[in-house]
There are 2 protein chains.
Amino acid sequence: MASSNGGFHSLASCLVLFLLLWTFAEGGKLLVIPIDGSHWLSMRPVVEQLRHRGHEIVVLAPEINLRIGLSGYYTMKTYSVSYTKEFVEAEFKKMGYRSFTPQPFSAKLSNLANISSLFLDSCKRLLGNKELIESLGESKFDAVFMDPFFPCGQIVAEHLSLPSVYLLRGLPCSLDFHATLCPHPPSYIPRFFTRYTDRMRFLQRVHNLLASLSSSLLCSFLYAPYNSVIKEFLQREATLLELLSHASIWLMKYDFVFEYPRPLMPNMVLIGGISCTQKKALSQVLWRYTGKVPPNMPKNIKLVKWLPQNDLLAHPKARAFITHGGSHGIYEGICNAVPMVLMPLFGDQMDNAKRIESRGAGLTLNILEMTTQDISTALKAVINDKKYKENIKRLSDLHLDRPIHPMDLAVHWVEFVMRHKGAPHLRPAAHDLNWIQYHSLDVIAFLMAVVLLFLFISLKCCLFCCRR
Amino acid sequence: MASSNGGFHSLASCLVLFLLLWTFAEGGKLLVIPIDGSHWLSMRPVVEQLRHRGHEIVVLAPEINLRIGLSGYYTMKTYSVSYTKEFVEAEFKKMGYRSFTPQPFSAKLSNLANISSLFLDSCKRLLGNKELIESLGESKFDAVFMDPFFPCGQIVAEHLSLPSVYLLRGLPCSLDFHATLCPHPPSYIPRFFTRYTDRMRFLQRVHNLLASLSSSLLCSFLYAPYNSVIKEFLQREATLLELLSHASIWLMKYDFVFEYPRPLMPNMVLIGGISCTQKKALSQVLWRYTGKVPPNMPKNIKLVKWLPQNDLLAHPKARAFITHGGSHGIYEGICNAVPMVLMPLFGDQMDNAKRIESRGAGLTLNILEMTTQDISTALKAVINDKKYKENIKRLSDLHLDRPIHPMDLAVHWVEFVMRHKGAPHLRPAAHDLNWIQYHSLDVIAFLMAVVLLFLFISLKCCLFCCRR
């Protein structure tokens with residue numbers, strides 16, 4: 001009886017939340033500025049959910065893109081860019097090729113510079129499209145929901161004087177943590193591309209600190225051109241970092257069964273695993289493959305052009321998951337508790353693989369050096385050694401045991417920003433301090449000066465007395 | 001139609017959560033170690049809710065206490081202490097008296113030392129009660145839910161090898177932030193008792209840094225005796241701070257409409273406003289008063305011995321709230337959007353009052369110096385100047401617009417720790433580093449040595465070449 005009382009309390013507060021959501025779902029206007037490619041895959045379901053809740057949605061994208069298509073969920077507004085679809089596809093292939101061939105640092109740098117100049121060019125085209133910008137201004141949006149990987153989105157938000165909500169896994173050179181003034185000590189927070197865990201030996205910590213400093217330098221170099229774009233378009237002096245710091249809410253695709261525990265700021269909302277849902281059951285063994293069918297293919301493998309990876313992972317007979325280690329796939333592996341064999345290709349995938357391996361929930365193979373024997377050994381290990389299944393099961397249980405679904409959290413905070421025109425109560429006063437003030441260096445210098453002055457006067461007095 | 005789709009998604013996920021909570025509510029065993037006084041007021045409803053959900057609850061308390069009584073919700077286990085109820089009541093009165101009379105620092109220190117020795121004595125009595133400790137061990141609890149203001153609770157948890165969940169507003173000398181390794185820069189996070197806001201002038205920042213250092217020193221002095229208690233009882237060397245760092249979840253009575261935005265750690269869960277609920281309607285003007293009725297009392301004031309403060313504040317005719325500035329009352333004022341006239345007495349109340357005043361939602365009076373004219377002026381201001389009502393309404397709207405009720409959040413995380421025997425995935429690796437490593441001082445020293453060595457060798461080479 002006591003138990004049913006408690007149950008009804010939960011149900012009652014649940015229904016209140018439902019009615020509250022229902023009441024607020026009267027419909028506002030939202031501008032969405034996404035990023036093409038896999039990034040759009042986690043943003044799209046949130047956009048669709050917001051549309052379901054009655055909001056009018058306009059998606060702003062370059063006319064050349066791979067995945068952001070027309071849809072009944074939103075109106076699309078496009079702007080012309082200087083590159084072709086073939087060029088983008090070729091760049092993606094190049095990126096893949098580069099991952100499989102050892103590259104000198106200069107080549108990596110030029111690759112980064114290429115991607116960066118692509119974004120910059122796209123940004124200039126967007127801001128230069130006066131007709132489009134004017135029509136956006138006339139649309140009277142309530143907020144902008146964007147992927148900050150395309151940093152131009154915030155310039156548009158500033159121009160339209162609109163609050164913004166970000167959806168992201170992370171930004172280059174910890175730009176997300178710099179912009180939010182979120183502490184991230186290099187002593188236990190491994191930087192991306194280092195492939196370290198949160199437990200580093202001395203020399204690893206040395207490297208991590210150097211990686212932190214050099215990536216900061218690199219980024220200030222890469223993002224420098226935006227400062228002149230900002231000045232020209234917004235008619236004021238501001239850095240891109242300063243603009244990014246104006247975001248109201250950062251929806252982070254983070255969960256600590258996967259990421260290493262670290263400090264957070266009040267305007268960061270964790271929604272890791274948002275796109276992982278358990279849906280339909282499958283009954284056959286399948287293999288997604290779009291190339292030529294090999295002649296010696298075993299009979300128990302069925303080739304298809306596309307398959308619902310998450311439903312496949314949810315099948316009770318899914319014993320292991322061979323994945324390149326993208327964060328989407330990893331969260332699907334975690335939520336379905338399938339141990340992984342990871343073959344990272346590029347970007348954050350090496351670090352992702354390391355995180356899963358460090359938790360004993362998978363094994364990583366080097367795709368440049370591995371043999372068929374290696375794959376076989378790794379697969380047999382994650383299937384037959386019980387510890388991999390136990391570890392992924394434990395991570396999965398922790399991940400799924402949450403008070404509210406990440407999708408509801410994401411929708412709540414986008415609507416919160418729409419309703420209240422931002423979330424200024426979550427912005428720390430640290431943004432009003434410069435670097436010296438933030439670290440109290442001026443205060444420390446002052447106190448040291450006082451102490452030295454006191455010592456000096458005491459010494460003088462002593463000497464004076466002694467002479468007397 | 002689109003909107004109803006979205007609504008049903010929310011309702012569906014709501015029902016899933018409800019069923020999940022229902023399934024898990026099979027009932028575990030929870031040991032509760034509370035603190036007497038107003039602290040118990042916010043812990044009791046959570047304990048009652050956990051009982052409603054089918055858990056068996058044992059409350060451990062000293063036999064002498066003011067508020068923790070017998071109840072149908074829990075079994076009570078008590079231990080004898082060396083003081084009497086009269087002594088505790090007298091100490092409370094003394095604390096009140098001291099608040100109204102200017103005190104030198106030494107008196108404040110002795111007051112603190114008194115309270116601290118009271119807790120220490122109580123702790124020794126508890127740990128020395130072998131029969132009680134043995135019976136706790138036999139009870140096979142799933143977790144300990146405690147108020148860490150009585151730091152002995154964690155020693156009991158360690159002895160029983162049980163994970164712990166804390167409920168708190170804050171601990172003396174930022175002990176909560178030291179124990180969780182949560183960054184708290186003194187440049188924008190005002191220390192308690194300084195009465196500063198998060199925007200400090202230079203000299204205020206100097207004072208805040210000094211306050212931070214001195215309170216750390218003071219606390220290491222106050223808590224030093226626990227180290228020997230720990231050694232004796234747990235038979236190992238450990239500091240109290242180390243023990244506190246083992247807490248799985250910190251339920252913080254925090255909300256950023258009231259507190260200043262600051263970094264947080266993954267195992268901190270914000271449940272500010274947990275005890276504020278909107279209940280019944282009232283229709284009369286009332287005044288709680290237990291003393292002698294004054295002869296000249298106006299006819300529109302009705303005296304009663306006790307009244308439901310929250311229901312009273314919820315009345316639409318409640319125009320202003322005169323409060324001493326305890327955090328419970330302030331949250332009730334916020335959730336009912338009633339502007340406040342604050343007359344802080346002791347403890348954190350001066351800082352609380354400052355927070356509300358800095359948000360333009362109330363006025364603070366100095367109870368030692370105020371005149372009837374001051375009260376009248378302040379009351380008229382918060383009632384007639386629209387900005388106070390507007391500000392408290394804005395704070396109230398922000399505070400109440402949340403994706404899940406703080407009570408459900410608190411219950412979820414207590415049960416999470418009971419189900420999973422802790423939450424080790426939320427513990428940062430920083431706990432394995434010492435102070436020098438955490439701040440990368442060894443790495444910086446190493447890099448400086450390398451640079452100096454390089455400069456030295458270069459210089460030597462140059463000199464050698466020049467000589468040739």
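Any read-out appearing in this document is the output of simple, stated calculations on the displayed coordinates, not a laboratory observation. Keep in mind it's a predicted model, so treat the numbers as computed, not measured. Cβ atoms come from the backbone with ideal geometry, glycine included; neighbour counts cover every protein chain shown.
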What's the average, rounded to a whole number, of partner chain beta-carbon atoms within 10 Å of each residue's beta-carbon in A:257-267?
6
Cα to Cα, under 22 Å, and not fewer than 8 places away if on the same chain: which lysines meet these conditions relative to A:LYS231?
A:LYS124, A:LYS130
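May I ask you to compute the full-extension gain from B:ASP401 to B:LEU41, defined as 0.36 nm times their residue separation minus their alpha-carbon distance, rounded to one decimal in nm?
On the way: separation 360, 0.36 × 360 = 129.60 nm, distance 2.38 nm.
Using 0.36 nm per residue and subtracting the Cα-Cα distance, I get 127.2 nm.
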In this model, which of A:LYS421/B:LYS389; A:LYS85/A:LYS317; A:LYS93/A:LYS299 are farther than 28 Å apart at the alpha-carbon?
A:LYS85/A:LYS317; A:LYS93/A:LYS299
Provide the descending list of Cα extents for the stretch B:25-66 along its principal axes, expressed in whole angstroms.
33, 18, 10
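Which whole DSSP H helices in chain A pass both tests: a Cα extent of 30 Å or more along the axis and a mean Kyte-Doolittle value no lower than 1.0?
Details: long enough: A:2-24 (33 Å, 1.27); A:105-128 (34 Å, 0.49); A:202-234 (46 Å, 0.70); A:441-467 (39 Å, 2.30).
Membrane-span-like by this rule: A:2-24, A:441-467.
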Give me the one-decimal Kirkwood hydrodynamic radius in Å for the stretch A:317-400, with the sum taken over alpha-carbon pairs.
12.4
Expressed as a whole number, the average count of other chain Cβ atoms within 10 Å around the Cβ atoms of A:201-214 is 2
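Could you order the peptides B:416-424, A:211-219 from most to least packed, using the average number of other C-beta atoms within 10 Å per residue? Don't skip to the answer; put the middle values down first.
Values: B:416-424: 19.0, A:211-219: 15.6.
In descending order of packing, they fall as B:416-424, A:211-219.
Averaged across A:422-428, how many Cβ atoms of other chains sit within 10 Å of each residue's Cβ atom?
Values: counts 0, 4, 3, 12, 4, 2, 9.
Across A:422-428, the average partner-chain Cβ count within 10 Å equals 5.
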The ratio Rg/Rh over the Cα atoms of the stretch A:363-468, Rh being the Kirkwood inverse mean 1/r radius, stands at 1.42
Ranked from fewest to most other Cβ atoms within 10 Å of their own Cβ, B:LEU132, B:LEU203, A:LEU342 fall in the order B:LEU203, B:LEU132, A:LEU342
Filtering trypsin sites (Lys or Arg not before Pro) in the stretch B:125-167 by DSSP loop and by at most 16 other Cβ atoms within 10 Å leaves B:LYS140
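What FRET efficiency would be calculated for the residue pair A:SER214, B:CYS462, taking the C-beta separation as r and a Förster radius of 25 Å, to the nearest 0.05?
On the way: r = 28 Å, r/R0 = 1.11.
About 0.35, to the nearest 0.05.
Please work out the ratio of the alpha-carbon Rg of the stretch A:167-277 to 2.2 N^0.38 Å and round it to two decimals. Could you put the intermediate results ahead of the total?
Values: Rg = 15.6 Å, N = 111, 2.2 N^0.38 = 13.2 Å.
Output field value: 1.19.
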At 1.002 mPa s and 20 °C, plugging the Kirkwood radius over alpha-carbon pairs of the stretch B:25-247 into Stokes-Einstein gives what diffusion coefficient in µm²/s?
113
In the protein assembly as shown, taking the dipole from +1 charges on Lys and Arg beta carbons and -1 charges on Asp and Glu beta carbons about the Cα centre, the listed residue (A:LEU455, B:LEU118, A:GLN309) farthest towards the positive end is A:LEU455
Please compute one quarter of the surface area of the Cα convex hull for the protein assembly as shown and express it in square nanometres.
52.7
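With only Lys, Arg, Asp and Glu charged, each at its Cβ (+1 for the first two, -1 for the last two), find how big the charge dipole of chain B is about the Cα centre; round to the nearest 20 debye. Kindly include the intermediate steps, with their values, before the conclusion.
Values: 50 positive and 37 negative charges, 289 e Å.
Taking the Cα centre of chain B as origin, the dipole is about 1380 debye.
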q = 0.09, 0.11, 0.12 Å⁻¹: log10 I(q)/I(0) that the Debye formula gives for chain B, counting C-alpha atoms only:
-0.71, -1.04, -1.22
Taking R0 as 41 Å and r as the Cβ-Cβ distance between B:SER106 and A:HIS439, the FRET efficiency 1/(1 + (r/R0)^6), rounded to the nearest 0.05, comes to 0.75
Counting only C-alpha contacts under 8 Å and six or more residues apart, can you give the relative contact order of chain A as a whole percent?
13
To the nearest 500 deg cm²/dmol, what mean residue ellipticity at 222 nm is calculated for the protein assembly as shown from DSSP H runs of n ≥ 4 alone, each contributing -39,500 (n - 2.57), summed and divided by the residues?
-16000 deg cm²/dmol
